[in-house]
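Since every read-out is calculated from the coordinates, none of them should be taken as a lab result. Computed from a predicted model, the values in this text were never measured in an experiment. Cβ sites come from the backbone with ideal geometry, for glycine too, and all protein chains shown count toward neighbours.
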Amino acid sequence: MFDAIVYQDRRNKLRSLLKEGIIIFQGNNESPMNYSDNTFRFRQDSTFLYFFGLSMPGLVGIIDIDNGKDIIFGDDIDINDIIWMGPQPSIKELAQKVAVKETYPVAKLSNVVADATKRKRTIHFLPPYRAENILILEKILEIPSSSIKYKASVELIKAVVTMRLIKDSNEIAHLDEIMNIGYKMHITAMKMAKPGVYERKIAGFIEGMALSYGGTISFPVILSKHGEILHNHYYGNKLTTGDLMICDAGFESDMGYATDNTRVTPVGGKFSQKQKEIYQIVLDTNNVAVKAIKPEINYSDVHNLAATVITEGLKNLGLMKGNTKEAVGAGAHAMFFPHGLGHMMGLDVHDMENLGEDYVGYDNKTKRSEQFGTSYLRLARKLQPGFVLTVEPGIYFIPALINKWKEERINTQFINFDAVNKYMNFGGIRLEDDILVTETGNRILGKKRIPITVNEVEKTVQSK
Ligand code: GLY
Ligand code: MN
């Protein structure tokens, strides 16, 4: 955890951004897998972590804007819990770690909320995404569960987004440190990419590594020889020489901060000429995009720049044709690059996605594109120093998409479908780095960039 003062300052800052009322921050509860005592791994809500820092189930925080008070609601454990869980700090002791003086049992929450309702005070809350928390809000606010998300406070969402978008020096130092673990996970995956090895062995190994470093994975590992399936969570294939293994994986620290990188490794240690050519276009795209990142540039413009580099590269290989600007304008590149260039990252790997992607990645000056591919762009807004984001261009040969476009004659003036036919079994390549926007430009987070050039990757796979 950060020092108590960090959390207190954040709560005070939030208070100054809102006009009046109280703010309810629901922590998460245990969630059963197959019976109530057998639970999924506990994951605290990220905004609760941001303002109240405590990562255990059964807590609710209140920031009282008008009276300058912060409260934590939680229940102290009894002797029965101690038998099963061992001794635990009291809620008072926990609250002290984040500079909160006032604590009550959870049962008191409904009284405090009922009192605020009676006095017609504004009650702010964020859109809940867990069923248990929706039911709690339904009960204490007397709003039907089906309407809860429409009653969430837009003023609060915007204030939280404003704060969490900019990472402070504590957060940046922490992110820099944990990047080292993501680095080790990726190097290990590369070295394990040998013919005869099952994908699940590598996926399981790097997930275990994340646990062994005291955290976990920041999202389910994507590790597959079918890189053309963007979020592929099937690990049942055996790797053979000549396959390309995609590994999109990150570490999540015990404080909830994420890393997120993607690398592609040639099984057997050598890229073929055909693989190298596509790989190099993706790498050039990544490098050009990273170079362009600086304060004041719209990320949608960086996305378009990436689409331009991809289109130029594919034209050089004879897979695309025509005027590059017109091709990108028509969205022709999206048959090969059907997703956005990147997303915000921090306490969530897709930072604050639960608050609404358009509040996080867009603002009143940037509007989401309706075009296939670019419409998936999670981050379009103007960049500011302190933003942490991913750059993750890719080129994929998705047979179902290629066949659809071919049959429906979509963008035929920009795509050489006969040439593309020869790549039907190619798979996909994505290269992802995590970037901090600085006052003067940007830097890749962490001490060292995970091997990425053709030579670096081949050397790493072949090393012991
Ligand atoms: N790395 C997974 C994602 O960004 O969706
Ligand atoms: Mn990502």
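Search region 227-255 for residues being closer than 29 Å to GLY214 by Cβ, in a loop (DSSP other than H, G, I, E, B) and in contact (Cβ under 8 Å) with a residue 60 or more places away in the chain, and hand back the single one that is farthest from ligand 2 (Cβ to nearest atom). If you could, list the steps in order and put the result at the bottom.
Taking region 227-255 as the starting set, the residues that turn out to be closer than 29 Å to GLY214 by Cβ are 231-235, 245-255.
Imposing the further condition that a residue be in a loop (DSSP other than H, G, I, E, B) reduces the set to 231-235, 250, 253-255.
Subset that is in contact (Cβ under 8 Å) with a residue 60 or more places away in the chain: 250, 253-255.
Values: GLY250: 8, SER253: 17, ASP254: 21, MET255: 19 Å.
That would be ASP254.
Restricting to region 387-438, give me the number of residues that are among the small types (Gly, Ala, Ser), away from ligand 2 (no atom under 16 Å from the Cβ) and buried (at least 16 other Cβ atoms within 10 Å of the Cβ).
1
Considering (1) over 30 Å from LEU141 (Cα atoms); (2) away from ligand 1 (no atom under 14 Å from the Cβ); (3) not in a helix (DSSP H, G or I), say which one LEU175 fails and leave the rest.
For LEU175, the exception is condition (3).
Please tell me if SER145 is farther than 21 Å from ILE71 by Cα, more than 26 Å from the chain's Cα centre (by Cα) and not hydrophobic (A, V, I, L, M, F, W, C).
Numbers: farther than 21 Å from ILE71 by Cα: yes; more than 26 Å from the chain's Cα centre (by Cα): yes; not hydrophobic (A, V, I, L, M, F, W, C): yes.
When the stated conditions are applied, SER145 passes them.
Just for region 342-359: of the residues that are hydrophobic (A, V, I, L, M, F, W, C) and out of contact with any strand residue (DSSP E or B) (no Cβ under 6 Å at 6 or more places or on another chain), which one is farthest from ligand 2 (Cβ to nearest atom)?
Here the answer is LEU355.
Tally up the residues in region 217-248 that are farther than 20 Å from PHE336 by Cβ, within 15 Å of ligand 1 (Cβ to nearest atom) and touching a Lys or Arg at 6+ places or on another chain (Cβ under 9 Å), please.
Count: 2.
Could you tell me which residue of region 344-361 is surrounded by the fewest Cβ atoms within 10 Å (Cβ to Cβ), considering only residues that are among the acidic types (Asp, Glu) and under 14 Å from ASP434 (Cβ atoms)?
The selected residue is ASP348.
Find all pairs meeting these conditions: Cβ atoms under 6 angstrom apart; at least six residues apart or on different chains; first residue within region 54-67 and buried (at least 18 other Cβ atoms within 10 Å of the Cβ); second residue aromatic (Phe, Trp, Tyr).
As it stands, the answer is VAL60/PHE73; GLY61/PHE25; GLY61/PHE52, since those pairs meet every condition given.
Tally time: how many residues in region 231-242 are within 19 Å of the chain's Cα centre (by Cα) and either of a type in the set (Asp, Glu) or surrounded by fewer than 17 Cβ atoms within 10 Å (Cβ to Cβ) (or both)?
Result for region 231-242: 2.
Only one of these conditions is not met by SER145: (1) within 21 Å of MET56 (Cβ to Cβ); (2) without any contact (Cβ under 8 Å) to a residue 24 or more places away in the chain; (3) of a type in the set (Gly, Ala, Ser). Which number is it?
(1)
Just checking, which of LYS194, LYS167 is surrounded by fewer than 21 Cβ atoms within 10 Å (Cβ to Cβ) and either outside any loop (DSSP other than H, G, I, E, B) or of a type in the set (Lys, Arg) (or both)?
Testing whether each residue is surrounded by fewer than 21 Cβ atoms within 10 Å (Cβ to Cβ) and either outside any loop (DSSP other than H, G, I, E, B) or of a type in the set (Lys, Arg) (or both) leaves just LYS194.
Any residue that is hydroxyl-bearing (Ser, Thr, Tyr), touching a helix residue (DSSP H, G or I) at 6+ places or on another chain (Cβ under 9 Å), within 16 Å of ligand 1 (Cβ to nearest atom) and in a helix (DSSP H, G or I) - is there at least one of those in region 298-316?
yes
Surrounded by fewer than 22 Cβ atoms within 10 Å (Cβ to Cβ), over 25 Å from LYS464 (Cβ atoms), polar (S, T, N, Q) and within 15 Å of ligand 1 (Cβ to nearest atom): is that true of ASN286 in this structure?
No: the conditions fail for ASN286.
Starting from residues that are within 23 Å of GLY340 (Cβ to Cβ) and more than 16 Å from ligand 1 (Cβ to nearest atom), keep the ones in region 251-283 and report whichever is surrounded by the most Cβ atoms within 10 Å (Cβ to Cβ).
Here the residue is ILE278.
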